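*Asks:* Okay, here's the structure, questions in a sec.
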Amino acid sequence: MTAVTESTDPTSTELAWGRHYAVVEPTHFRIDYAINPFMDPDVQPDPARASDQWQALVGTLRGLGARVDVLAQREDAPDMVYAMNLGLGLVRPGGDPHVVMSHMRYPQRRMETGSAQQWFAGRGWTTSYVGREGVGAHLEAGDAFAFGDALVVGYGPRTEELALKHLALELGVRVRGLRLTHPGMYHLDLAFCPLDSRRALVCPAALDAPSARALMELVPEPLVLTEQEALTTFAANSIVVGRTVVMPACPTRVRAQLESWGFEVVVVEVSEFHKGGGSVRCLTNPLDITLGRDLPVLARGEVITPLE
Ligand code: ARG
């Protein structure tokens with residue numbers, strides 16, 4: 001039993017981002033192939049239930065005051081509902097939004113990028129690539145989150161280490177790389193969720209030993225999830241709107257800690273989407289992470305990866 005830690009540091013501040021999201025309406029959500037251990041084409045989602053769960057999630061976010069923009073799903077892209085992976089959007093210090101498009105590890109998802117690029121470009125976003133159509137570094141945006149002094153990027157199963165250098169140089173940020181080694185936590189967002197300036201949900205079991213240590217050093221007040229909790233509840237795949245944590249499930253112990261820190265927990269059921277290996281975070285892509293506010297700007301960028 002881990003004791004609940006009372007709030008000790010008054011300097012912990014709310015995340016300024018997480019109030020604007022892109023989502024993809026699940027009109028063609030299916031399990032056509034298996035590119036992660038959760039997927040089984042013999043276990044298909046129920047379209048009506050999936051649609052209801054997705055509507056309820058979007059309604060919850062809007063009810064919390066978040067802006068939610070909806071993309072249409074391509075019929076040939078059954079995984080496109082996991083909008084988090086379309087690209088890494090960042091607002092530049094002058095206010096110009098830029099998105100680094102994902103270059104999916106698996107060809108089955110690569111067609112999503114073309115539609116997403118057009119959608120962003122049509123809304124005034126500049127767009128770029130670290131690799132595309134199988135050439136160059138893979139990058140999946142569910143691996144990248146602003147936290148503390150850096151863009152924290154998971155690499156290994158999906159994003160390649162080379163992508164970290166591209167991101168650092170192109171965006172002018174410090175990138176802290178963490179090596180994912182757990183087959184079931186193939187994106188960082190299955191093992192890490194920033195909560196505020198000092199706190200995050202973390203599952204070090206997703207990482208190799210040096211990266212697990214680095215993650216624990218990075219987060220002043222970590223809320224540690226066990227491997228079992230992360231894999232069976234998808235609790236790390238949550239999002240935060242102000243002081244509200246929107247979660248697919250919340251183990252009692254986790255809820256007690258979050259509430260003692262002053263967060264409100266809202267649980268939304270997205271079980272149909274767990275069949276594809278994704279949950280609340282995977283279904284939403286934050287569009288308001290701002291350089292200079294949420295991430296320090298460094299002229300030429302920098303990459304820090306843990307030493308073996
Ligand atoms: N079936 C999708 C895939 O394997 C799930 C993506 C989950 N998304 C996420 N951000 N973790 O690519």
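The values are calculated or read from the model by the stated rules, or taken from the named source; none is laboratory data. Here the structure is a predicted model, which means the values were calculated and not measured. No Cβ is skipped: glycine too gets one built from the backbone with ideal geometry, and neighbour counts run over all protein chains shown. These area figures cover heavy atoms from the full protein model, side chains too; ligands, DNA and RNA do not enter into them. Shrake-Rupley method; radii C 1.70, N 1.55, O 1.52, S 1.80 Å.
*Asks:* Taking just the C-alpha trace of the range 202-241, give me its Rg and Dmax in Å.
*Replies:* According to the Cα coordinates of the range 202-241, Rg and Dmax are 10.5, 31 Å.
*Asks:* Could you check the simple spin-label distance between T27 and E133, using points 7 Å along Cα→Cβ, in nm with one decimal?
*Replies:* 2.7 nm
*Asks:* Right, something else. In percent, how large is the relative contact order of the chain, given Cα pairs closer than 8 Å and 6 or more residues apart?
*Replies:* Working: 701 pairs, mean separation 77.7, N = 308.
Reported as a whole number, the value is 25 percent.
*Asks:* How high is the relative contact order of the range 114-178, given as a whole-number percent (alpha carbon pairs under 8 Å, six or more residues apart)?
*Replies:* Values: 73 pairs, mean separation 16.6, N = 65.
Computed over the range 114-178, the figure is 26 percent.
*Asks:* Here's a follow-up. Please give the calculated 222 nm ellipticity per residue for the chain, where each DSSP H segment of at least 4 residues contributes -39500 (n - 2.57) and the sum is spread over every residue; nearest 500 deg cm²/dmol? Could the numbers behind the result be given before it?
*Replies:* Working: 7 runs with 70 residues, N = 308.
Rounded to the nearest 500, the figure is -6500 deg cm²/dmol.
*Asks:* Which of rounded, prolate or oblate describes the chain when judged by the alpha-carbon gyration tensor and an a/c cut-off of 1.5? Kindly include the intermediate steps, with their values, before the conclusion.
*Replies:* Details: a/c = 1.30, a/b = 1.07, b/c = 1.22.
It comes out rounded by the Cα gyration axes.
*Asks:* Accessible area per residue for the chain in Å², computed with a 1.4 Å probe and the full protein assembly in place, what is it? Working shown, then result.
*Replies:* Numbers: 11850 Å² over 308 residues.
So the chain comes to 38 Å² accessible per residue, rounded to a whole number.
*Asks:* Assign one of three labels to the range 31-110, namely rounded, prolate or oblate, based on the Cα gyration tensor with a ≥ b ≥ c the square roots of its eigenvalues; rounded applies when a/c is under 1.5, prolate when it is not and a/b is larger than b/c, and oblate otherwise. Write down the numbers at each step before the final one.
*Replies:* On the way: a/c = 2.76, a/b = 1.28, b/c = 2.15.
Here the range 31-110 falls in the oblate category.
*Asks:* Put a dot 7 Å past each Cα toward the Cβ at D52 and A256; how far apart are the dots in nm?
*Replies:* Result: 3.3 nm between the two label points.
*Asks:* Same structure again: Give me the percent of the accessible area of the range 57-209 that comes from carbon and sulfur atoms, probe 1.4 Å, all protein chains in place. Present the calculation step by step, with values, prior to reporting the outcome.
*Replies:* On the way: 2420 of 4900 Å².
That share works out to 49 percent.
*Asks:* Find the percent of Cα-Cα distances in the range 231-308 that exceed 19 Å, and round it to a whole number.
*Replies:* On the way: 1575 of 3003 pairs.
When all Cα pairs of the range 231-308 are counted, 52 percent exceed 19 Å.
*Asks:* Further question: Going by amide H atoms built from the backbone, whose H comes under 5 Å of the H on V173, apart from near neighbours?
*Replies:* HN-HN under 5 Å from V173: L298, G301, E302.
*Asks:* L71's amide H: which non-local residues (gap 5+, or another chain) put their own amide H closer than 5 Å, with H modeled 1.01 Å from N in plane and none for Pro or chain starts?
*Replies:* V23, V24, E25
*Asks:* Expressed as a fraction of 2.2 N^0.38 Å, the rule-of-thumb size for a compact globular protein of N residues, what is the C-alpha radius of gyration of the range 77-167? Write out the running numbers ahead of the final one.
*Replies:* Numbers: Rg = 12.5 Å, N = 91, 2.2 N^0.38 = 12.2 Å.
Cα Rg divided by the expected 2.2 N^0.38 Å: 1.02.
*Asks:* Give the calculated FRET efficiency between A72 and T13 to the nearest 0.05, with a Förster radius of 35 Å applied to their Cβ-Cβ distance. Before the final figure, lay out the partial values.
*Replies:* Values: r = 36 Å, r/R0 = 1.04.
After rounding to 0.05, the efficiency reads 0.45.
*Asks:* Also: Calculate one ³J(HN,Hα) per residue across the range 295-305 by plugging θ = phi - 60° into the Karplus curve 6.51 cos²θ - 1.76 cosθ + 1.60, and present them in order as whole Hz with x for glycine and proline.
*Replies:* With the stated coefficients, the range 295-305 comes to 8, x, 8, 10, 2, 10, x, 6, 10, 10, 10 Hz.
*Asks:* Contact order normalised by length for the range 1-144, with contacts defined as Cα pairs under 8 Å and 6 or more residues apart; what percent is it? Write down the numbers at each step before the final one.
*Replies:* Values: 205 pairs, mean separation 31.0, N = 144.
Over the range 1-144, the number comes to 22 percent.
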